[in-house]
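The values are calculated or read from the model by the stated rules, or taken from the named source; none is laboratory data. Keep in mind that what you see is a predicted model, and the values were worked out from it rather than measured. Counting neighbours? That spans all protein chains shown, and the Cβs are built from the backbone with ideal geometry, glycine included.
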Amino acid sequence: MSTSIREIKRMLEAAHHLPKGSKAVLATVVRIEGSSYRRTGARLLVTDRGQMIGGISGGCLEGDALRKALRVMDEGRPRIYRWDTTDPDGEVIGAGLGCRGIIDVLMVPLTAGQLEAVLYPLQVRIESRKPVWIAHPLAADSAEVAMPLWWIEGEKPRPEFAERPEIEVLQALASAKKGSFEARLAAGEWFVEHLPPALRLVIVGGGYDVPPVLELAAVLGWQTAVVANLQSPAARRLAIAGELIHLRQEDVWNQVSVDPWTAVVLMSHDFALDLEALRAFAPSPAPYIGVLGPRKRHERMAAELPAAWLAPNGLLHARRYAPIGLDIGARTPEEIALSIAAEIRAVFAERQGGHLRHRQGGIYEG
């Protein structure tokens with residue numbers, strides 16, 4: 001999913017405030033060959049008010065995309081446009097900027113009501129904690145605007161889509177996939193997009209170094225929850241968190257929602273509390289449990305845990321990140337927050353967090 005949570009929220013807000021009868025075009029990157037700044041699933045919303053929200057490139061194609069979107073809006077029919085930036089001497093805008101890729105973008109003209117319906121599954125993706133699939137029909141130059149099909153992973157299609165025979169086939173194909181894909185059916189071609197839930201960050205602790213992590217998480221569009229002593233005067237600095245959970249309540253750890261798209265960060269600076277939290281979250285499905293502090297502290301903490309948990313293939317062996325963060329030489333709370341966020345992103349992307357110049361192959365491969 002290449003459209004960020006912040007972009008989705010801005011699009012939803014814009015759609016909600018469009019007057020009745022307004023028009024818009026939603027442009028979605030559906031196919032890429034070679035290199036591109038954005039990936040499939042990147043979106044650009046163009047309204048008849050002249051608003052442009054999101055993006056399909058690093059900015060080099062947006063001017064031409066605006067002109068094409070206005071044409072689509074005027075014609076009232078969807079189109080797929082192709083930008084070929086592989087030719088350094090080509091006439092396509094952005095061709096000389098070095099991307100060296102071919103980008104296919106589906107542009108769909110929509111009324112204000114249709115736009116809200118099309119964006120609704122993106123809202124579901126934000127609010128639910130289950131993956132969402134969206135199947136975009138690639139009927140280029142069709143006089144009819146074909147609305148996308150969508151469903152929540154593991155659930156039956158919505159009633160309005162249940163009678164469409166394509167959705168059963170698309171669901172079956174999606175069940176075997178880890179990410180977005182193209183499908184060629186007898187009824188036509190589809191771009192099927194996989195949208196995992198927004199990353200959720202759970203922080204245990206309320207110290208002065210927590211707000212920078214929360215601020216960076218907000219920029220990234222992550223959902224956040226903090227477990228801390230909310231009766232402390234210092235708790236005011238935690239107000240930016242999406243959810244606050246009082247540490248001193250009974251059975252506190254069972255009040256914390258954790259799923260496979262959750263990262264847990266223990267930074268209370270209290271050895272006993274971090275150890276208690278580590279024990280509590282060890283059986284959870286969180287792929288990442290990071291613990292702040294020096295290596296000697298973690299060695300002492302490890303001695304208090306069951307040896308089987310830390311053994312190869314043990315409960316915490318691959319999920320415990322201690323000391324926390326990537327090695328970027330972080331010293332200040334803000335730099336430490338960057339180190340933590342970068343490591344979390346690398347873990348969820350299944351990357352090592354090294355220098356891109358040392359990476360074999362393309363930036364987005366794998």
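A few notes on this one:
- Within region 295-312, the presence of a residue that is closer than 24 Å to Pro197 by Cα, aliphatic (A, V, I, L, M) and not assigned by TED's automatic domain parsing to the domain that holds Arg129 is excluded.
- Flag if Trp261 is aromatic (Phe, Trp, Tyr), in contact (Cβ under 8 Å) with a residue 12 or more places away in the chain and within 17 Å of Gly205 (Cα to Cα): no
- Checked against (1) outside the structural domain of Glu276 (by TED's automatic domain parsing); (2) closer than 30 Å to Ile289 by Cβ; (3) modelled with pLDDT of 90 or more, Gln123 passes all but condition (3).
- Residue list for region 312-333, filter: surrounded by fewer than 16 Cβ atoms within 10 Å (Cβ to Cβ) and in contact with a Leu (Cβ under 8 Å, 6 or more places away or on another chain): His317, Pro323, Ile328
- Filter result (at pLDDT 95 or above and part of a helix (DSSP H, G or I)) within region 173-215: Val210, Pro211, Pro212, Val213, Leu214, Glu215
- Long-range neighbours under 9 Å by Cβ, at least six apart or interchain, first residue in contact (Cβ under 8 Å) with a residue 24 or more places away in the chain within region 1-21, second basic (Lys, Arg) and assigned to a helix (DSSP H, G or I): Met1/Arg125; Ile5/Arg125; Ile8/Arg125
- Residue that is modelled with the lowest pLDDT, among those in region 157-172 that are under 25 Å from the mean Cα position of the chain (by Cα) and buried (at least 17 other Cβ atoms within 10 Å of the Cβ): Pro157
- Pairing residues of region 56-70 that are assigned by TED's automatic domain parsing to the domain that holds Trp83 and at negative phi with residues that are basic (Lys, Arg) and assigned to a loop (DSSP other than H, G, I, E, B), at Cβ distances under 9 Å and at least 6 apart in sequence or on separate chains, gives Ile56/Arg38; Ser57/Arg38; Gly58/Arg38.
- For beta carbons closer than 9 Å, sequence separation of 6+ or different chains, a first residue in region 163-188 that is on the phi > 0 side of the Ramachandran plot and assigned by TED's automatic domain parsing to the domain that holds Met147 and a second that is part of a loop (DSSP other than H, G, I, E, B) and hydrophobic (A, V, I, L, M, F, W, C), the qualifying pairs are Gly188/Leu138; Gly188/Ala139; Gly188/Ala146.
- Single residue of Val264, Val252 found to be aliphatic (A, V, I, L, M) and buried (at least 20 other Cβ atoms within 10 Å of the Cβ): Val264
- Boolean, Ile245 is among the aliphatic types (A, V, I, L, M) and surrounded by fewer than 16 Cβ atoms within 10 Å (Cβ to Cβ): no
- From the list Ile203, Ile240, the one residue that fits, being in contact (Cβ under 8 Å) with a residue 24 or more places away in the chain, closer than 23 Å to Glu334 by Cβ, surrounded by fewer than 17 Cβ atoms within 10 Å (Cβ to Cβ) and in contact with a Ser or Thr (Cβ under 9 Å, 6 or more places away or on another chain), is Ile240.
- For first residues located in region 133-144 and farther than 11 Å from Phe191 by Cα, partners that are modelled with pLDDT of 60 or more and outside any loop (DSSP other than H, G, I, E, B) and lie 6+ apart or on another chain with Cβ distances below 7 Å form the pairs Ala140/Arg79; Ala140/Ile80; Asp141/Arg79.
- Inside region 352-361, residues that are exposed (fewer than 15 other Cβ atoms within 10 Å of the Cβ) and either under 16 Å from Pro287 (Cα atoms) or under 20 Å from the mean Cα position of the chain (by Cα) (or both) make up a count of 1.
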